[in-house]
1. Please count how many residues of region 121-154 are modelled with pLDDT under 85, more than 18 Å from residue 83 (Cβ to Cβ) and surrounded by 14 or more Cβ atoms within 10 Å (Cβ to Cβ).
2. Within region 121-141, how many residues are assigned to a loop (DSSP other than H, G, I, E, B) and under 16 Å from residue 12 (Cα atoms)?
3. How do the helices (runs of 4 or more DSSP H) wholly within region 14-120 filter down when requiring 3 or more residues that are surrounded by 13 or more Cβ atoms within 10 Å (Cβ to Cβ) and out of contact with any helix residue (DSSP H, G or I) (no Cβ under 9 Å at 6 or more places or on another chain): which remain?
4. Do we have residue 63 as under 13 Å from the mean Cα position of the chain (by Cα), free of Cβ contacts under 8 Å to residues at least 24 places away in the same chain and more than 19 Å from residue 129 (Cβ to Cβ) here?
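The values are calculated or read from the model by the stated rules, or taken from the named source; none is laboratory data. Because the structure is predicted, anything quoted here is derived from the model rather than measured. Neighbour counts are summed over all protein chains in view; Cβ atoms, including those assigned to glycine, are modelled from backbone coordinates with ideal geometry.
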């Protein structure tokens, strides 16, 4: 194993244990709480416009936050396996941006616990650095039906050599 691969593995495991796992747990608990609050508010409070808007805000924050968490976990798994940039990297940038935007919005709305929402931003910055410095994905070989391969097209992308 190369020294750079060891450093990357240590970096990713540290990122996963210290930042991504607590973020995942907090997002799960906060999402569950927001779901319970939204459902109970809508069922017991009637149809007041402000209540409906606040429930929609809860659902929006949970949805955008979870898109960031899911993107972070997919990037974590991808970079644990390989060094190349994922083919879905534009979606990864969107997911990381949504997660950061959600954290910043929660930092503005809930200033007393600002430190709690800065934690996911650190994870997004760490994964964005990996995404920026990743090797570009290999272009598909001619005749490989869009799948990258290092074998000649005559052998087929899935044949063993």
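1. 4
2. Number of matching residues: 2.
3. none
4. Considered against the rule, which asks whether it is under 13 Å from the mean Cα position of the chain (by Cα), free of Cβ contacts under 8 Å to residues at least 24 places away in the same chain and more than 19 Å from residue 129 (Cβ to Cβ), residue 63 comes out as yes.
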